[in-house]
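K.L.:
Right, I'll just put the structure down here and ask away after.
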Amino acid sequence: MRRLNRDWYVEFPDWLEYSVSKDVAYCLYCYLFKGNSNRQGGGDVWSGLGFRNWNKKDSLTKHIGGPNSIHSQLKRKNEDLMRQQQSIHAAFDKQLNQDKHGYEIRLAASIRVVRLLVRQGLAFRGHDESKASLNRGNFLEILSFYAQECDKIRSFVLEKAPQNDQMTCPMIQKEIVLACKIETIKGIIRELNGDYFSLLVDESFDVSRKEQMAVVLRYVDRRGFVMERLLDIVHVKNTSALALKGAIVNLLSQHSLSLSCVRGQCYDGASNMQGDINGLKMLIKKESRSAHSIHCFAHQLQLTLVGVSKKCLQVGELVHLVSDILNVLAASYKRMDEYRESQRKRIQEALEKGELKTGRGLHQELGISRACDTRWGSHFKSFNCFILQFGTIMDVLDTIVETAHSLDESARATGYIRVAQTYEVAFILHLMKEILGITNDLSTCLQKKEQDIANAMRLVNVAKIRLQELREDKKWDLFVAEVSTFCFKYNIVVPNFDESYVNSGRFRRKPADYTFLHHYHVDVFCQIIDWLLQELNDRFDEEIAELLYGVACLNPLDSFSSFDIQKIMRMAKLYPDDFDEFSMCSLENQLANYIIDVRDIDKRFSDLNGLCDLSKRLVRTKKHSCYPLVFRLVKFALLLPVATASVERAFSAMKFIKNELRSRMNDEFLSGCMVPFVEKDVFNDVSTDDIILTFQAMKPRRVVL
């Protein structure tokens, strides 16, 4: 088809709607609406058979006719059809301003209620949401209370709203939650600002036994602060490295992110994550050569403690003993009541004897703390609680022996009492409390969001030094005195350290040729400490030494005392995608100028405590624009994560949100609730108007705002 020439268009501007093919012309208006008139230009030949005399202007003029001609009428019909304001769809969507106003008020009220429930991690629906119910669920109850207290919405929501436009149905609630999640992630992406980031990934199953993968981004924002944000939680049916990589790539692509921007990885010790051949870290490193992987330091520390417990038989027995006893106590509410009553009586007796001092906040009721391998520091808390409440625990076990309903329970409690009231258990219990007390500080520090790798390595070295000091004779004497005091308090027999050791767990006809002192000091005390030191040395062996040395040299502690240009340059070579040959020359010059500036001239950099403070100060003083390559290296050092604490926090939130009562939550609703709940500070900055716009854009709505 071809248009009429320009000359025809100048004289007949409407004839652009006529097409010519094989010397035959057709009228588009008459063709669409089937115009038929024998008085105008040959009947329906213009719309059906075509007209060959189209090059005669008189014929065209005759076909157009006057304002009331059939052609003109059909032309007006076409214009009416193309005018959206007069279309049928627009006629149905036409509403009064008052209806739109009411819809907007109802939607805003529902969004405010959803924001409250999401921030608190509360359930939305109730068991019975009918009007006659006394508890219609959190959403409807809060909305009802909100309407009673606020005059502006009272006449627009719930019973006052149209039956088909109340904005309270479960589908609307879930869509609002999804809109909240979308806006929260938008805030995170804006904060990231297209910069480099690190991936923190881990898997865990929820209450409905679905495997969920949490993806956390670690990055440095515009202010120089280190941020760790939960991007999303994804249900994965296959936990192979290839499937996990596909899920991560798909998630990143949804938010216009790419693996090429990854500059760090942190996973736990699972083979599908840390495998050196087909692990997730190697698959991602093929996409980004600079995506260096750091094994989670806190997880390595936990594996170290587990490794020691497996090597030392006495430690393994103690872990099981404490766990079994605490499980017996927590199995019945009656036993817990007896536990609290016994604890109260012992505190009262100690106060009357003057053994304890009174004061505000002192001698609070202590609960039972059970250890968990996936919770860092839980073993220390469990052992410490067991020592502090040893007498109370024995009282409850003694009560179980006397009042047990079955002989099995009585015999089990008797065995626990007999084993627990031995010097060996008391010795191992206090030893593990001392060791875990040293590593507990390290574990606590490793769970901070702004922990950098240089400080983490220093903390590991501090733990090693303290463990080495514990082996000294002076510490040994103090430790034995503490254990003996504990035994005297609870009438536990203390052996004579000069006598030959007798192992109660082995055949007594094979006596040992060493004393109790040798057994407890050498075979237990020193050996456990040595094993722990060896595990720390093996697991924190600085596999990527050049990278760690470079990070340590960037650390500003002690007025940049560890600064070394050559080691930093070797670190920069590990990022080939970011530093080419020309950049390396520029980087060396910038480093030379930078160290003179921040160490010798600018006194504002004299009180820094780590790389995190250095990054903030560089941005605050605008020196990050003066030394862009140096600042890039500082960011890369901060992007190396040393702990997956944020991922663990996400799983804790998942267990809080998707609990036994909400076990049927689908994956999309779980994800929608979790992201705003975990990232509350970002979600609080999201305006209600933005959520309304996102909600309206998700699909066609009854009311167009």
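K.L.:
Scan the range 122-138 and tell me whether some residue there is in contact (Cβ under 8 Å) with a residue 40 or more places away in the chain and farther than 30 Å from Glu228 by Cα. Full working, then the answer.
P.N.:
Step one: of the range 122-138, the residues in contact (Cβ under 8 Å) with a residue 40 or more places away in the chain are 123-125.
Still in the running and farther than 30 Å from Glu228 by Cα: 125.
Yes; the residues of the range 122-138 include at least one that is in contact (Cβ under 8 Å) with a residue 40 or more places away in the chain and farther than 30 Å from Glu228 by Cα.
K.L.:
Given the condition under 30 Å from Ser240 (Cβ atoms) and either assigned to a helix (DSSP H, G or I) or at pLDDT below 75 (or both), answer yes or no: does some residue in the range 310-326 qualify?
P.N.:
yes
K.L.:
Could you check Phe631 against (1) part of a helix (DSSP H, G or I); (2) touching a residue at least 60 places away in the same chain (Cβ under 8 Å) and say which number it fails?
P.N.:
It fails just one condition, (2).
K.L.:
Can you tell which of Leu242, Leu217 is buried (at least 16 other Cβ atoms within 10 Å of the Cβ) and aliphatic (A, V, I, L, M)?
P.N.:
On the way: Leu242 fails: buried (at least 16 other Cβ atoms within 10 Å of the Cβ).
The conditions single out Leu217.
K.L.:
Return the total of residues in the range 650-705 being over 24 Å from Leu107 (Cα atoms) and not in a helix (DSSP H, G or I).
P.N.:
4
K.L.:
Of the residues in the range 676-689, how many are surrounded by 12 or more Cβ atoms within 10 Å (Cβ to Cβ) and under 22 Å from Asp165 (Cβ atoms)?
P.N.:
Residues flagged as surrounded by 12 or more Cβ atoms within 10 Å (Cβ to Cβ) and under 22 Å from Asp165 (Cβ atoms) within the range 676-689 amount to 1.
K.L.:
Follow-up question, since we're still on this one. Any idea which of Leu230, Leu200, Leu217 is part of a strand (DSSP E or B) and modelled with pLDDT under 90?
P.N.:
Only one candidate qualifies: Leu200.
K.L.:
Of the residues that make up the range 381-397, is at least one modelled with pLDDT of 80 or more, among the charged types (D, E, K, R) and outside any loop (DSSP other than H, G, I, E, B)?
P.N.:
Within the range 381-397 (the criterion being modelled with pLDDT of 80 or more, among the charged types (D, E, K, R) and outside any loop (DSSP other than H, G, I, E, B)), the answer is yes, since at least one residue qualifies.
K.L.:
Right, next: Looking at Phe139, Phe124, can you tell me which residue is of a type outside the set (A, V, I, L, M), part of a helix (DSSP H, G or I), within 36 Å of the chain's Cα centre (by Cα) and within 18 Å of Leu670 (Cα to Cα)?
P.N.:
Exactly one residue qualifies, and that residue is Phe139.
K.L.:
Has the range 566-582 got at least one residue that is more than 35 Å from the chain's Cα centre (by Cα), surrounded by 13 or more Cβ atoms within 10 Å (Cβ to Cβ) and either modelled with pLDDT under 85 or within 30 Å of Glu287 (Cβ to Cβ) (or both)?
P.N.:
no
K.L.:
Check Phe651, Phe605 and return the single one that is touching a residue at least 24 places away in the same chain (Cβ under 8 Å) and assigned by TED's automatic domain parsing to the domain that holds Val236.
P.N.:
None of the other options fit; the residue is Phe651.
K.L.:
Out of the residues in the range 152-202 that are under 30 Å from Cys296 (Cβ atoms) and among the charged types (D, E, K, R), which is surrounded by the fewest Cβ atoms within 10 Å (Cβ to Cβ)?
P.N.:
Arg190
The values are calculated or read from the model by the stated rules, or taken from the named source; none is laboratory data. All values derive from a computational prediction rather than experimental measurement. Cβ: placed from backbone, ideal geometry, glycine included. Neighbour counts: every protein chain shown.
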